[in-house]
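Colleague: Handing you a structure now.
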Amino acid sequence: MTVLEVANPEHEIPDGPYFLSEGGRLSQAWRLYPDKTDSFVTSVIPSRTFEQGDVSFRPLNLRLDGLWTAIAVPSRLYSKKSPSLPLAGMIFSVKDNYKISGVPTTQSNWAWCELYEGKPENETAAYVRELIELGAVLVGKTKMCAFASSEEATDQWIDFHAPFNPRGDGYQSSSGSATGGGTSLAAYDWLDYSVGTDTTGSIRWPAAWCGLFGLRTTWKPDAMDGVYPSCRIMDTIGLLARSIEGMQTLVDSSISGVGETIPDQPFPKEILYPTDFFPMADPQQQKLIERFISDLESYLGVNATHMSIADRWKECPPDEASGKTIQEFIDKAPYNPFYYDGYHEYITFREEYQEKFGKPVYVGPYMRWKWDRGAEVDEDMKNKSLQDVEVYRRWFREDVLRPAGHGGTSAIMLIPCGPSMPKYRDDPNIPPAVVGPFSWNYLASIQGLPQLSRITGVTEQLPVVGAIVGAAGSDAMLVDIVGKALEQNHRPKEVMTGRTMFPELKI
């Protein structure tokens, strides 16, 4: 247990447990929990005293039983919800690429820690500040793949040890890059939300492997203020929750300026089933996806429309296509910005490290490969690809998923996501390779669209995922649709922590 002195005892003291010491000092009591999945980089507590809206912190360097990092968590009694504090008492963690004032960033890289010697950040990321101002309580920073990349456990995690996924037998991949965010939320019932980023699946893949609800939010250029970048044209806020209702509360409260579901806002008129990506190879996974589609159909009152994105492009291509297929046109559209930014954002770091230590930065096999690809891309190549991205986004917005009203979408699109076979953390990983741009994994990333992952399960309850994509700004509507469709069809709307997600399996 740890204690934090009350800032001004002359003011009204909230309910909850306290210590009264000699001299009349009143201190809050925070319970210490062991991080048995090794999900956290560090536990944090407010740097001075616990006050609403305090956005400066300090690391809590404690271990329990000589084994586990201790995470300090306050009583929910200290916080009372109100219209201005809709997230009061909600406990959340953030991915290690979010800057937190008073707390160092590791980037999950030994050379970074060696160069900057644990220097604390001097600002707190804008979205974290917003959550705190809404009453949420930050308790720590969670592990991620190095530089928010796509490393897989465990032979690609060189400098830091990969967190353990509590689902199933406890030795499945937890994916990334918001790895610790997924494993911690799947393991600890005292944690309400995990906040991360999503570039090419960094929130959606941990949601899939850890059996959680995950939302890649609509891309906005200013959303990542105070977050170390990976690829600026695709980086966006990512959210993880154990219940669809919890996700709805978080989205409605904090994703401001994106769009909100208005009571009379018409729901989508189409459910698009892209045959470019379906059916899935695994029959059991396809069966569960079809059940998810049926739930959506019964709630929205429309039947799914089988369509092909590639064929629609062929029927009504943008003028800039100049006869190219969609695969040909976007061949380098995400590639050049992704690898250029991934390499060039860290030039100063590499130069400073080389100058100080007389040797190059060491990174693991995936990051070496990624930086090698980025070094081959120049600024002109990147800028041409950004123009192609804008053409592709405009076409998709006009001919596939059109924004409707304030926070609405003309249609929703089903997208595959997640595993169909076990992947053990001690299995050797295949060498890194380029993912084709015309794939379900890249669709929402290139388009800057919101994508919500909804989980179900199979025997040993390996998570199986159905995901939907909507037009830009339809974040709240997507969550609302899924929540109400699950409720109408009597499906689980919340998952448990630990080995299994549901008390019993119904397929």
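Colleague: Post the alpha-carbon centroid distance, the range 137-165 to the range 359-400, in whole angstrom.
Modeller: Cα centres, the range 137-165 to the range 359-400: 23 Å.
Colleague: Also: Would you mind working out the accessible area per residue for the chain, using a 1.4 Å probe, and quoting it in Å²?
Modeller: Heavy-atom SASA per residue in the chain reads 41 Å².
Colleague: With label points built 7 Å along Cα→Cβ from the Cα atoms of His344 and Asn122, find their separation and express it in nm.
Modeller: Placing both labels 7 Å along Cα→Cβ, they lie 2.6 nm apart.
Colleague: Something else about it: Between Lys356 and Ala310, how many nm apart are label points set 7 Å from Cα along the C-beta direction?
Modeller: Inter-label distance under the simple model: 4.9 nm.
Colleague: Follow-up. Heavy-atom accessible area of Ile91 with all protein chains present, probe 1.4 Å, nearest 10 Å²?
Modeller: 0
Colleague: Continuing with the same structure: Can you figure out the FRET efficiency of Trp190 with Asn489, using R₀ = 30 Å and their beta-carbon distance, to the nearest 0.05? List each step's numbers first, then the result.
Modeller: On the way: r = 30 Å, r/R0 = 1.01.
That pair, Trp190 with Asn489, gives E of 0.50.
Colleague: Enter the angle in degrees (range 0 to 90, nearest 10) between the Cα long axis of helix 475-488 and the first principal axis of the Cα atoms of the chain, meaning the one along which they spread out most.
Modeller: 90
Colleague: Which order do Glu320, Glu487 take by accessible area at a 1.4 Å probe, largest first? Provide the component values of the computation, followed by the final result.
Modeller: Working: Glu320 80, Glu487 110 Å².
The ordering from most to least exposed comes out as Glu487, Glu320.
Colleague: With all protein chains present, calculate the accessible area of Arg397 using a 1.4 Å probe and round the result to the nearest 10 Å².
Modeller: Approximately 110 Å² for this residue.
Colleague: Taking a threshold of 22 Å on the Cα-Cα distance, which of the pairs Lys99/Lys359; Lys143/Lys382; Lys99/Lys119; Lys95/Lys220; Lys99/Lys220; Lys324/Lys384 fall above it? Before the final figure, lay out the partial values.
Modeller: Numbers: Lys99/Lys359 27 Å; Lys143/Lys382 30 Å; Lys99/Lys119 12 Å; Lys95/Lys220 19 Å; Lys99/Lys220 18 Å; Lys324/Lys384 16 Å.
Correct reply: Lys99/Lys359; Lys143/Lys382.
Colleague: Still on this structure, please answer the following. Please list Thr249, Thr105 in order of solvent-accessible area, largest first, computed with a 1.4 Å probe with all protein chains present. Before the final figure, lay out the partial values.
Modeller: Details: Thr249 55, Thr105 10 Å².
I get Thr249, Thr105, largest accessible area first.
Colleague: Now, a different point. Note down the nm distance, to one decimal, between modelled labels 7 Å out along Cα→Cβ at Gln387 and at Glu320.
Modeller: Between Gln387 and Glu320, the simple spin-label model gives 0.8 nm.
Colleague: Roughly how much of Tyr18 is accessible, in Å² to the nearest 10, using a 1.4 Å probe?
Modeller: Tyr18 exposes around 60 Å² with every protein chain in place.
The values are calculated or read from the model by the stated rules, or taken from the named source; none is laboratory data. What you are looking at is a predicted structure, and each value in this text was computed from that prediction instead of being measured. Heads up, the Cβs are rebuilt from the backbone with ideal geometry, glycines too, and the neighbour counts pull from every protein chain shown. When the accessible area is computed, the model is the full protein with side chains, heavy atoms only, and any ligands, DNA or RNA have been set aside. Shrake-Rupley method; radii C 1.70, N 1.55, O 1.52, S 1.80 Å.
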